[in-house]
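Heads up, the thing below is written out as C-alpha cells.
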Amino acid sequence: MYCKIKHPKSAHLHVHNKSHIYIHPTAQLSLSENGYLDFTVKNLENAPSRPCSLYMNDHSILTSDGFTMFEGADIYVGSYAKLELGKQSYMNASTIECGKYIRIGDKCAIASHVIIQDTDYHTTYDNNDQPKPMTQPIIINNHVWICEGVTILKGVTIGEGSIIAAKAVVTNNVPPHCLVAGNPAKIIKENVRWS
C-alpha cells in the first residue's frame, strides 16, 4: 500500500486496525504538506465498532489536506475518478461514491447516514429519448454542514457556509450561506451562520 501513497514528511495517514483499505496498484493517494487522512474507530466501552473502508479502483486519485473518517464511514473512488478532501473536514458513518469528480472543501461537517454520489450507475433518458449524463461532478465548498440522512446527487454545487437539513435530498445547486431542506431540497432560510 505504501508505494501508492505520495506525501511529504509532515503528512500522516492513520489507519485503525479494523479498517478495510483497498488501493489498486494504479491508484494514487496523495497527502498534502501537514495534511492527513485518519480512519478512526471510536473506543466506546462495550459498544460494537464498525470499521471504516476505503476502496480505490484503477487509475483513481484521492487527495487529502486533512480529513477524518469516523466509525462506519465508507469511501469508494471509481476508475479514473478523483476525490479531493479538504482541511479539518470529517465524516461520520456515511458514504461517498465518486464516479468522476467530487470535491469537499475545508471545515465541512458530514453527519451519519449521508450519501454523496456523483453517478447514477445507469443511463437515463430525457423526453426525446436522448441519454442524460450518467455522472456529473459534485462540489461542496468550505464550511458546509451536512446533517443526518442527507443525500447529495450528481451535478450539485453547495455554496460556502450552507447547512443541509436532515433527510434533505439535494438535486440542485445551493447558494452560499443558505439553509435547505426537503425532497427535493429547497431554500428555507438565507444568510445563515453556523459554528
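Taken together, the values in this text are just the output of simple stated rules run on the coordinates, not laboratory data. The structure presented is a predicted model; accordingly, all values stated were derived computationally and were not measured. Every residue, glycine among them, receives a Cβ derived from its backbone with ideal geometry; neighbour counts consider all protein chains shown.
Remarks
- HN-Hα J in Hz across the stretch 101-107 - Karplus 6.51, -1.76, 1.60, θ = phi - 60°, x for Gly and Pro: 7, 9, 10, 10, x, 7, 6
- The coefficient of translational diffusion for the stretch 144-195, derived via Stokes-Einstein from the alpha carbon Kirkwood radius under 20 °C and 1.002 mPa s, stands at 206 µm²/s.
- Gyration tensor (alpha-carbon) shape descriptor, the stretch 59-113, a/c threshold 1.5: oblate
- Summarising the strand pairing of the stretch 94-189, around 20 percent of its internal DSSP beta bridges are antiparallel.
- Value in Å of the Kirkwood radius, where the stretch 52-145 supplies the Cα pairs that are averaged: 13.7
- Within the stretch 89-125, chymotrypsin sites (Phe, Trp or Tyr not before Pro) in DSSP loop having at most 10 other beta-carbon neighbours inside 10 Å: Tyr121
- Reported value for the chain: 125 Å³ per residue, from the convex hull of its C-alpha atoms.
- With a threshold of 25 Å on the Cα-Cα distance, the over-threshold entries among Lys87/Lys186; Lys18/Lys100; Lys154/Lys189; Lys9/Lys87 are Lys87/Lys186; Lys18/Lys100.
- Top positive-direction residue, dipole computed over the chain with Cβ charges, set Tyr125, Tyr36, Ile61: Tyr36
- Couplings 3J(HN,Hα) of the stretch 118-132, computed from phi: 9, 9, 8, 6, 9, 7, 10, 10, 7, 5, 9, 6, 8, x, 8 Hz, in residue order, whole Hz [Karplus 6.51 cos²θ - 1.76 cosθ + 1.60, θ = phi - 60°; x for Gly and Pro].
- Test item: Cα-centred dipole of the stretch 111-195, Lys/Arg +1 and Asp/Glu -1 on Cβ, debye: 260
- If R0 is 41 Å, the Cβ-Cβ spacing of Lys167 and Ser79 corresponds to a FRET efficiency of close to 0.85.
- Per-residue ³J(HN,Hα) for the stretch 137-149, Karplus 6.51 cos²θ - 1.76 cosθ + 1.60, θ = phi - 60°, Hz, x for Gly and Pro: x, 10, 10, 10, 6, 4, 6, 9, 10, 10, 7, 3, x
- Once exposed loop GluC sites (Glu not before Pro) are cut out (DSSP; at most 11 other Cβ, 10 Å), longest piece of the chain: 46-195
- Share antiparallel - DSSP beta bridges, the chain, percent rounded to 5: 10
- Unit charges on C-beta of K, R, D, E only; dipole of the chain, Debye: 240
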